[in-house]
1. Quick one: compute the contact order of the chain, relative version, from alpha carbon pairs under 8 angstrom and 6+ residues apart, as a percent.
2. Starting from the 7 Å offset along Cα-to-Cβ, what nm value, one decimal, do you get for the label separation of residue 44 and residue 103?
3. Roughly what would the spin-label model give for residue 3 and residue 115, points 7 Å off Cα along C-beta, in nm?
4. Stretch residue 20-residue 53 to full length: gain in nm at 0.36 nm per residue minus the Cα-Cα span?
5. In deg cm²/dmol, rounded to 500, what helix-only [θ] at 222 nm does the chain give when every DSSP H run of at least 4 residues adds -39500 (n - 2.57) and the total is split over its residues?
6. Please get the size of the charge dipole for the chain, origin at its Cα centre, with Cβ charges of +1 on Lys and Arg and -1 on Asp and Glu, quoted in debye to the nearest 20.
7. If you compute Rg/Rh (Cα atoms, Kirkwood Rh) for the structure shown, which of [x] 1.11; [y] 0.95; [z] 1.81 do you land on?
8. Before anything else, pin down the relative contact order of the range 75-117: Cα pairs under 8 Å, at least 6 apart, normalised by residue count, whole percent.
Amino acid sequence: MTTNKKRLLGAAMIVLLVGAGITVISYRSPAADQTGRAEQWLVVKTDPLVHQIGLVGKIEPDTTLTLTAPFDGNVQANLVEQGQRVDAGQMLLRMDPATLEIQLREALSAQLKARRTV
């Protein structure tokens, strides 16, 4: 090996050793890094985690039932609101029985007339 090659190899070794030393110094442990610093305490506040989702759409019933009254007449009182959940057997509205009473009287008078003729 020539003297120039030995000098070049020696210079490369020195550069490599200096680079390795800088790398070791820059990657020191965090505990050794904080020995000269003052400690700092932070207060941690707990807050409930709340998720909110905004939706736009139309809610429709799963099934729709059409109910018919047992007789013709006027509605006297509506006991539920549209969209309200109801239970089986719950009264939904109250019918005015005046029309039914008139029809009953007419049927009774027709029956009496029929008996007279017989």
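Only the coordinates and a few stated rules stand behind these numbers; no lab work does. Keep in mind it's a predicted model, so treat the numbers as computed, not measured. Here the Cβ is made from the backbone with ideal geometry for all residues, glycine too, and neighbour counts use every protein chain on show.
1. For the chain, the relative contact order is 16 percent.
2. 7.5 nm
3. Between residue 3 and residue 115, the simple spin-label model gives 15.2 nm.
4. Full extension from residue 20 to residue 53 adds 6.5 nm.
5. -13500 deg cm²/dmol
6. It comes to approximately 900 debye.
7. Given [x] 1.11; [y] 0.95; [z] 1.81, the calculated one carries the label [z].
8. Relative contact order, the range 75-117: 38 percent.
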